[in-house]
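Note sheet for the following structure.
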Amino acid sequence: QVQLVESGGGSVQPGGSLRLSCVASGNIFSVNAMGWYRQAPGKQRELVAKITSGGSTNYADSGKGRFTISRDNAKNTVYLQMSSLKPEDTAVYYCYLNGRRSYTPTPSDYWGRGTQVTVSS
């Protein structure tokens, strides 16, 4: 099994900052990419940011210039530094990993349970 555990969510005022962390553990053989998605009430889950094992990053337009994704490969940990937060950033943020478990030939997607981020005055 692969487990992803998020932390760092919470409530913040507009313009504030939060740092999300996600630690992956379990039977992980290799990781292709880790990242963050979010889902607001009544909306579909959407990409926030993704980072490959080689360090390439991909950001949704909504977070460019405000969010920074980083990764510690040795610890299978991914971070999302969010600044200048807006009320529209309010959502449940899910950690994501694409990788292979030991003894499996193909990679799969794995998800954390999510952490709530609320931006409100």
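The values are calculated or read from the model by the stated rules, or taken from the named source; none is laboratory data. It should be emphasised that the depicted structure is a prediction, and the values quoted were computed from it without experimental measurement. Cβ atoms come from the backbone with ideal geometry, glycine included; neighbour counts cover every protein chain shown. Note: accessible area is taken over every heavy atom of the protein model, side chains too, but ligands, DNA and RNA are not part of it. Shrake-Rupley method; radii C 1.70, N 1.55, O 1.52, S 1.80 Å.
Quick rundown of the values:
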{"item": "Gaussian network model of the chain, springs between alpha carbon atoms under 10 Å - residue of Ile28, Ile69, Ile51 with greatest fluctuation", "result": "Ile28"}
{"item": "Three principal axis lengths of segment 1-96 [C-alpha, angstrom, descending]", "result": "39, 24, 22"}
{"item": "Carbon plus sulfur fraction of accessible area for the chain, probe 1.4 Å, in percent", "result": "45 percent"}
{"item": "Residues of the chain: accessible area per residue with a 1.4 Å probe, Å²", "result": "53 Å²"}
{"item": "Isotropically averaged projected area of segment 62-112, using the convex hull of Cα atoms (one quarter of hull area), nm²", "result": "4.7 nm²"}
{"item": "Of Gly10, Asn98, Gly35, farthest towards positive along the dipole that unit charges on Lys, Arg, Asp, Glu beta carbons give the chain", "result": "Asn98"}
{"item": "Dipole moment magnitude, nearest 20 debye, the chain about Cα centre, only Lys, Arg, Asp, Glu C-beta charged", "result": "120 debye"}
{"item": "Cleavage-rule hits (trypsin sites (Lys or Arg not before Pro)) in segment 1-62: DSSP loop, at most 11 neighbouring Cβ within 10 angstrom", "result": "Lys43"}
